[in-house]
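A short worksheet on the structure shown next.
Only the coordinates and a few stated rules stand behind these numbers; no lab work does. Treat the numbers as computed from the prediction; the structure is a model and nothing was measured. No Cβ is skipped: glycine too gets one built from the backbone with ideal geometry, and neighbour counts run over all protein chains shown.
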Amino acid sequence: MISLSLPIEHFKLSAKEQLYLKNANKYFQNDSLTTAFIQNERRFDYIFVIPVYNEENFIADTLIHLAQRICSELHRFSCCILVVNNGSTDTSSDIIEGLSSKINVPLYQVYFPVKGVGAARKYGNDLSAVRAIYHKHDLDSMKIVNTDADTFIYEGILSELTTLSHDINIASGECNFTVPTNMDTVINHRQRKIREFGAKHIDYVNLYGSFLVINPRFYIAVGGFVNSYWYNYGGHLEIDVGEDFDFGVRLVNQGINITYLGVVCASSGRRFTSDIASLKLDKCYESGRMQDFRSEHDSIDLTDQEREQFWTKSKRRMIREFVVKPFLVSASILNKEDAKEFLATPAFMSEELLRAMFEIRNMKLNLVSPDSRMTLYTKISEFMDSYGDLFVARVDEYLQYE
């Protein structure tokens, strides 16, 4: 492991921030690629972090496209791409190495063998933040941009990043998934209405790993992504919690605002096309699933009947993620007028439901602790089992899905 002497006094970091950096410093790999990235003194305004595990079918197109967008829209800024190779066993590493001399943006590849996109994302963000501190770079003007190995950022989005206020510490945008017609109806239209409802009406913005922009000083101050051992393959816990979900819960519980950037990129949609035959599409985020569709090519659409079955299943899940969750964990949601209006219908908000909601809101949990957060996530699932139908009906009153 690399042991770095960091100029803590230069940044006047708190004891909590120093402890985070100390723990991060312990697990950096002592290999030539990690060392080369850290020792390079060049200051970067934007570092793009991409986790990679067996992405030989996607990574070349993604990197070439990203480099073109950077050169076109961020040419006045110093940028690099940091690929965190999560122990790929295919030709991903060779492809990345071969592109390093062919694109016009500095491209670094580092290895972190602890499996899971959450582990790799944490490693890349920690490494970027610690490197900046090591060289005494300006943490307040720098941004870490997280994206994925099968994601294309839309034209103009990176230009818009340069206009974000310096007061914005974290922002996130979502994907259009490249899927056939009936799946597109559910995923990119109906489901998005629920996501946008959360962002626009109850002021809850989910974090999307496909496009997550974060200031490194802020990232350190709030404790970053949690340690990788809490994640299984694909970055998701057995109880179905991703690293972006987990990070978002901790932020909204502190009343921290996340800026919503809208639809900013396109993704392959492979997670949705991997198991159409058994229609387990509502399970596409569960642990182990990401490993099932690394090499998916065929895009077989749903029948009209399957589309409606998928929508019935996935709508409940989406409402849990984007409506129920913020009501149960957000520190500030009950001060928001739209949220109060949502709760105001007596037929919906019974005394029993209110009591169950505040039982969770009043739980004395230390959300820095993964164990405490797992207790919370279990409670959310139990709450949804009891009251999910009421929330689904209430959201249906607000939204026209077609």
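Its DSSP H runs of at least 4 residues, each contributing -39,500 (n - 2.57), put the calculated 222 nm mean residue ellipticity of the chain at -13000 deg cm²/dmol, to the nearest 500.
Greater than 32 Å separation of Cα atoms is the criterion. Which listed pairs, Lys12/Lys340; Lys12/Lys122; Lys336/Lys379; Lys16/Lys143; Lys12/Lys115, meet it? Beyond 32 Å: Lys12/Lys340; Lys12/Lys115.
Here the dipole of region 56-105 is about 320 debye; that uses its Cα centre as origin and unit charges on the Cβ of Lys and Arg (positive) and Asp and Glu (negative).
Annotation: the antiparallel percentage among DSSP beta bridges lying fully within the chain is about 35. Candidates Cys71, Ser14, Gly124 compared by Cα position along the dipole of region 1-131: farthest toward the positive end lies Ser14, with charges placed on Cβ. Within the shell of other residues whose beta carbon sits under 14 angstrom from the beta carbon of Lys16, the net charge comes to +3, with Lys and Arg scored +1 and Asp and Glu -1. Descending by average beta-carbon neighbour count within 10 Å, the peptides 58-71, 13-26, 253-266 line up as 58-71, 253-266, 13-26, the highest first. Of the trypsin sites (Lys or Arg not before Pro) found in region 322-402, those that fall in a DSSP loop while having at most 16 other beta-carbon atoms within 10 Å are Lys336, Lys364. Put a plus charge on the Cβ of each Lys and Arg, a minus charge on the Cβ of each Asp and Glu, and nothing anywhere else: the dipole of the chain about its Cα centre is then about 1160 debye.
The aspartates and glutamates whose alpha-carbon is closer than 19 Å to the alpha-carbon of Lys200, local same-chain residues fewer than 8 away aside, are Glu174, Glu321, Glu337, Asp338, Glu341, Asp396, Glu397, Glu402. Sorting 32-41, 318-327, 345-354 by their mean Cβ neighbour count within 10 Å, with the most densely packed peptide first, gives 318-327, 32-41, 345-354.
Taking label points 7 Å from Cα along the Cα-to-Cβ direction, Ile103 and Glu382 give a separation of 4.6 nm.
In this label model, Thr89 and Val114 are separated by 2.1 nm, measuring between points 7 Å along each Cα→Cβ vector. The angle separating the long axis of helix 304-319 from the principal Cα axis of greatest extent in the chain is about 80 degrees. Relative to the longest principal axis of the Cα atoms of the chain, helix 59-73 runs at roughly 80 degrees.
All other residues whose Cβ lies under 12 angstrom from that of Phe197 are scored, Lys and Arg at +1 and Asp and Glu at -1, for a net of +1.
Annotation: the chain has a Kirkwood hydrodynamic radius of 22.0 angstrom, from the mean reciprocal C-alpha pair distance.
In degrees between 0 and 90, to the nearest 10, how far off the longest principal axis of the chain does helix 191-201 point, with axes built from Cα atoms? Result, in degrees: 90.
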